[in-house]
1. Would you look at the GNM of chain A, springs on alpha carbons closer than 10 Å, and say which of A:K71, A:K57, A:K14 moves the most?
2. Given the alpha-carbon gyration tensor of chain B, what are the semi-axes of its equivalent ellipsoid in whole angstrom, ordered largest first, with each equal to the square root of 5 times an eigenvalue?
3. Using a 1.4 angstrom probe on the protein heavy atoms only, could you order B:D17, A:D38 from most to least accessible area?
4. Whole number please: convex hull volume per residue, Cα atoms of chain A, in Å³.
5. With N set to the number of residues, divide the alpha-carbon radius of gyration of the protein assembly as shown by 2.2 N^0.38 Å and report two decimals.
6. Which of A:E52, A:E30, A:E101 moves most in a GNM of chain A, Cα contacts under 10 Å?
7. For the stretch A:41-90 and the stretch B:6-66, what is the centre-to-centre distance using only Cα atoms, to the nearest Å?
8. Which of the residue pairs B:K22/B:K71; A:K9/B:K42; A:K70/B:K42; A:K57/B:K42; B:K22/B:K106 have a Cα-Cα distance greater than 18 Å in the structure shown?
Amino acid sequence: NAGVTQTPKFRVLKTGQSMTLLCAQDMNHEYMYWYRQDPGMGLRLIHYSVGEGTTAKGEVPDGYNVSRLKKQNFLLGLESAAPSQTSVYFCASSYSGEANEQFFGPGTRLTVL
Amino acid sequence: GENVEQHPSTLSVQEGDSAVIKCTYSDSASNYFPWYKQELGKRPQLIIDIRSNVGEKKDQRIAVTLNKTAKHFSLHITETQPEDSAVYFCAAYPTLSGNTPLVFGKGTRLSVIA
């Protein structure tokens, strides 16, 4: 039981490049989330999904796109990376959106030059 | 929508002393209040949570209290140890907002000085 995993762990991009971050969970959770955490800052929700095939915007969705084609995977895309997107990205999942624990992945550290 | 305020943003205590972190929320319908701990370079992990039908919950050295009337809840850590040093996040679940996820506070950086 791996829990929530994220790929890659680290990435350096140049401004304007694109990339996709992959999140996978093996707990059969319905809900999945993408957060970003800037140095010394809290967690800001980018996008989330309440089930396979669904996505919704969070607090800071601009510049990002997501897809949930399979229940166990949640992809976060950056079409044209900007230095302001330098951050640590955490994926999380939960059994449902109600009063249930969110399980976080180990994070992806992204630097955009 | 729900808004969660967390105080203080930083807290330093001597080893063995107690630490208290406070959060207020705006949506009176919120019914679930978890606390997450994030050690340096690690992922956030749930350490304790409380639901709106109880006023206090304890787990060894940590406890959470909830005051629904005042719309605030607090994390109490007793006999602090160096390994308690971390960032702590409170959160609230807004039950009447459909599928809206947890709303997190901005975090408190706790330093336990040996």
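The values are calculated or read from the model by the stated rules, or taken from the named source; none is laboratory data. What you see is a predicted model; the values in this text were computed from it and never measured. Surface accessibility is based on the protein's heavy atoms, side chains included, excluding ligands, DNA and RNA. Shrake-Rupley method; radii C 1.70, N 1.55, O 1.52, S 1.80 Å.
1. A:K14
2. Values: eigenvalues 119, 42, 27 Å².
That gives 24, 14, 12 Å for the three semi-axes.
3. Working: B:D17 75, A:D38 25 Å².
Largest accessible area first, the residues go B:D17, A:D38.
4. Numbers: hull volume 10.4 nm³, N = 113.
Spelled out: Cα convex hull of chain A, divided by residues, is 92 Å³.
5. On the way: Rg = 17.7 Å, N = 227, 2.2 N^0.38 = 17.3 Å.
Relative to the 2.2 N^0.38 Å estimate, the protein assembly as shown comes out at 1.02.
6. A:E101
7. Computed from Cα coordinates, the inter-centre distance equals 26 Å.
8. Details: B:K22/B:K71 11 Å; A:K9/B:K42 12 Å; A:K70/B:K42 27 Å; A:K57/B:K42 25 Å; B:K22/B:K106 12 Å.
Listed pairs above 18 Å: A:K70/B:K42; A:K57/B:K42.
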